[in-house]
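The block underneath contains the structure these notes are about, expressed in structure tokens.
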């Protein structure tokens, strides 16, 4: 009886043929589907992680931009403090007596840098005779622009904010007192690194769209 049953089992397996086990086929198919789903899940997870990191870096970059702008605005606040307002008025006041001559010169050929340098020298000499503080005020403002120039060049201050507020002011100060500042640096044997007023006057970031 056992021999008959064994023979029937052998006949059935022979009839199905190798690899015709339906349960093994379903297992292989399920394994393949699982691998596809696992791969898709991993891919989605990597994409989400990448997007998350990108969002973090973007937020950090924006935070740094805001911080740089805040530091530049701190220089604006200093520039408008009582000490610097007094020095700013001191360097501009002597030029008021030459307004008529300057306006007349501008109507014709304009005024050359050499003529401005001569007037600046005359103004400083008059201030010395009056025991004024013009040279000190020039150095105070020059030192301010030196500090701002370092802040901008090192990427600590936002260059666009600094440019919008200080570029024109630095250019005017440079035009009026650039040669006098160089002379003062020589007289007092001051170091002559790249002058901050020149750097700020030459900024072009505020001209960007």
Within the bounds of the stretch 198-206, is there any residue that is over 23 Å from residue 95 (Cβ atoms), touching a helix residue (DSSP H, G or I) at 6+ places or on another chain (Cβ under 7 Å), assigned to a helix (DSSP H, G or I) and modelled with pLDDT under 85? yes
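Matching residues to (1) under 14 Å from the mean Cα position of the chain (by Cα); (2) under 20 Å from residue 111 (Cβ atoms); (3) modelled with pLDDT under 80; (4) part of a helix (DSSP H, G or I):
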{"residue": "164", "(1), (2), (3), (4)": "yes, no, no, yes"}
{"residue": "173", "(1), (2), (3), (4)": "no, yes, no, yes"}
{"residue": "178", "(1), (2), (3), (4)": "no, yes, no, yes"}
{"residue": "181", "(1), (2), (3), (4)": "no, yes, no, yes"}
{"residue": "190", "(1), (2), (3), (4)": "no, no, yes, no"}
Is it fair to say residue 148 is under 19 Å from residue 77 (Cα atoms) and in contact with a helix residue (DSSP H, G or I) (Cβ under 7 Å, 6 or more places away or on another chain)? yes
May I ask you to verify whether residue 119 is more than 14 Å from residue 178 (Cα to Cα), at pLDDT below 90 and either out of contact with any strand residue (DSSP E or B) (no Cβ under 6 Å at 6 or more places or on another chain) or loosely packed, with under 12 Cβ neighbours inside 10 Å (or both)? no
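Confirm whether residue 134 is over 17 Å from residue 171 (Cα atoms) and loosely packed, with under 10 Cβ neighbours inside 10 Å.
No: the conditions fail for residue 134.
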For the stretch 80-111, the count of residues that are in a loop (DSSP other than H, G, I, E, B), closer than 19 Å to residue 123 by Cα and either at pLDDT 95 or above or under 35 Å from the mean Cα position of the chain (by Cα) (or both) equals 0
For residue 128, state whether it is in a helix (DSSP H, G or I), surrounded by 12 or more Cβ atoms within 10 Å (Cβ to Cβ) and at pLDDT 85 or above. no
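The values are calculated or read from the model by the stated rules, or taken from the named source; none is laboratory data. What you see is a predicted model; the values in this text were computed from it and never measured. Because the Cβ atoms are built from the backbone with ideal geometry, glycine has one as well, and the counts that use them run over all protein chains shown.
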